[in-house]
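> What follows is a structure written as structure tokens; I'll ask about it next.
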Amino acid sequence: MLNIVLFGPPGAGKGTQSERLIEKYNLVHLSTGDIFRANIKGETELGKLAKSYMNKGQLVPDSVTIDLLKSEVMKHSHPKGFIFDGFPRTNNQASALDVLLVSMNTSITKMISLDVDEEELKTRLLKRAEVSGRADDANPSIIENRIAVYQKETAPVKSFYADQNKFFSIDGMGSVDDITKRLFDSIDAN
Ligand code: ADP
């Protein structure tokens, strides 16, 4: 299996690039953010809970997120692999994902991080707010909070994969096509 963690701060372009990767490599796209948003839309209990964190720019608690991710992975019987987008966001989530994949006789192939300047992130998120209707994109102080949460809780996940020699980063600035090409090259290298 080819299992890629696509990593990066809010607004780095993980969702956009995931769409390109699943098409080329025939993978399953698992975005915890998208799953939470679908639950908010469907007004499920999970959606109500997730919304209370997401609208403040905080992380949904690990216990909830990990159970959700596990059940989503299990829905696929013989996948070629997964793109994990927006997960893992904490070291706890990364450990849980390793355990889950071991139980399936597989593992993470690579984590690829998209590097983007903070100013560019803010510009992209505010622009996305115009079309996405996402409350967490429209408010500059919530964006600041998401970036701060990323720095504090999520960025350390890089070391988790670096320790396993699985961490790679690419330049996430420039055109969508250029970034896709860098990702393909990174995945295809060895
Ligand atoms: P972005 O990368 O632009 O922040 P996402 O759609 O990945 O967008 O995430 C939106 C929100 O969903 C996060 O700010 C957080 O509240 C919640 N969320 C998504 N994935 C996770 C996760 N793995 N752990 C905890 N919370 C999550």
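> In terms of the ratio Rg/(2.2 N^0.38 Å) built on C-alpha atoms, what value belongs to the chain? Don't jump to the answer; show the numbers that get you there.
Details: Rg = 15.8 Å, N = 190, 2.2 N^0.38 = 16.2 Å.
Rg over 2.2 N^0.38 Å, computed on Cα atoms: 0.98.
> Follow-up question, since we're still on this one. State to the nearest 20 debye the size of the charge dipole of the chain about its Cα centre, where the only charges are +1 on K and R beta carbons and -1 on D and E beta carbons.
Values: 24 positive and 26 negative charges, 74 e Å.
Roughly 360 debye for the chain.
> Could you give the length gained on full extension between D98 and S52, defined as 0.36 nm per residue of separation minus the Cα-Cα distance, in nm?
Working: separation 46, 0.36 × 46 = 16.56 nm, distance 2.80 nm.
Extending this stretch completely gives an extra 13.8 nm.
> Moving on. How much of the accessible area of the stretch 25-134, probe 1.4 Å, is carbon plus sulfur, in whole percent?
Details: 2900 of 5670 Å².
Ligands and nucleic acids excluded, carbon and sulfur reach 51 percent.
> If you don't mind, another one. Place the peptides 77-87, 173-183 in order of packing, highest mean first, counting for every residue the other Cβ atoms within 10 Å and averaging per peptide.
Values: 77-87: 18.6, 173-183: 14.3.
For the peptides 77-87, 173-183, the packing ranking is 77-87, 173-183.
> Probe of 1.4 angstrom, ligands and nucleic acids ignored: what's the accessible area per residue over the stretch 1-156, in square angstrom?
Values: 7580 Å² over 156 residues.
Heavy-atom SASA per residue in the stretch 1-156 reads 49 Å².
The values are calculated or read from the model by the stated rules, or taken from the named source; none is laboratory data. Model, not experiment: these values are computed from the prediction. Virtual Cβ from ideal backbone geometry, glycine too; neighbours counted across all protein chains shown. For the accessible areas, the whole protein counts, side chains as well, though only heavy atoms, and no ligand, DNA or RNA atoms are used. Shrake-Rupley method; radii C 1.70, N 1.55, O 1.52, S 1.80 Å.
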